[in-house]
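Single-structure report; data block below.
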Amino acid sequence: MDELYRKLLAQLEEISRQLEELIRRINLTNTAVRSETGESLTALLARRDCLKMKLGIYREFLQNASDVVPRGLRTEIRIVSTVKVSQMQKQVDDMSRDLRLLEETIQSLNWTTELQE
């Protein structure tokens, strides 16, 4: 049992070392690689992550603002959206387009870049 335990720990140490080295190389590469606009791949990845987060929030907000509440009687409280859904939807569409273009740029850089040593 002791021998198996030592072998497993040795494997864990070696795999951890390899993973650390791979992460280091990826980070160095992402910092060094530049897009046509001169931005690093790291900056593009940060922008993509924030844009995805913002889009998720906008989409959820629009979903809630677009909900229609059926009324059984005319005397029931009427819920009215105070948000111009169509205007916000245009913003979401524009951000979605920007995200697609950004994803294309990132993917292109990933396919054409060698991992640095």
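If I filter the range 18-39 for residues that are outside any helix (DSSP H, G or I), under 19 Å from residue 105 (Cα atoms) and of a type in the set (S, T, N, Q), do I get at least one hit? Checking the range 18-39: at least one residue is outside any helix (DSSP H, G or I), under 19 Å from residue 105 (Cα atoms) and of a type in the set (S, T, N, Q).
Before we move on, is residue 96 in a loop (DSSP other than H, G, I, E, B) and either open to solvent by less than 60 Å² (accessible area, probe 1.4 Å) or basic (Lys, Arg) (or both)?
On the way: in a loop (DSSP other than H, G, I, E, B): no; either open to solvent by less than 60 Å² (accessible area, probe 1.4 Å) or basic (Lys, Arg) (or both): yes.
When the stated conditions are applied, residue 96 does not pass them.
The residues listed here are 108, 66; of these, the one that is touching a helix residue (DSSP H, G or I) at 6+ places or on another chain (Cβ under 9 Å) and open to solvent by less than 100 Å² (accessible area, probe 1.4 Å) is 66. I want to confirm something. Restricting to the range 78-93 and keeping residues that are surrounded by 10 or more Cβ atoms within 10 Å (Cβ to Cβ) and of a type outside the set (Val, Ile, Thr), which single residue is modelled with the lowest pLDDT? Selected residue: 81. Of the residues making up the range 42-63, those that are open to solvent by 60 Å² or more (accessible area, probe 1.4 Å) and charged (D, E, K, R) are 47, 49, 52, 54, 59, 60. For the range 1-41, the candidate set comprises residues that are surrounded by fewer than 10 Cβ atoms within 10 Å (Cβ to Cβ) and in contact with a Ser or Thr (Cβ under 9 Å, 6 or more places away or on another chain); within that set, the residue that is farthest from residue 113 (Cα to Cα) is 37.
The values are calculated or read from the model by the stated rules, or taken from the named source; none is laboratory data. In this text the structure is predicted, and so the values were computed from the model without any measurement. Note: ideal-geometry Cβ built from the backbone for every residue, glycine included; neighbour counts use all protein chains shown. All accessible areas refer to the heavy atoms of the entire protein, side chains included, with ligands and DNA or RNA removed. Shrake-Rupley method; radii C 1.70, N 1.55, O 1.52, S 1.80 Å.
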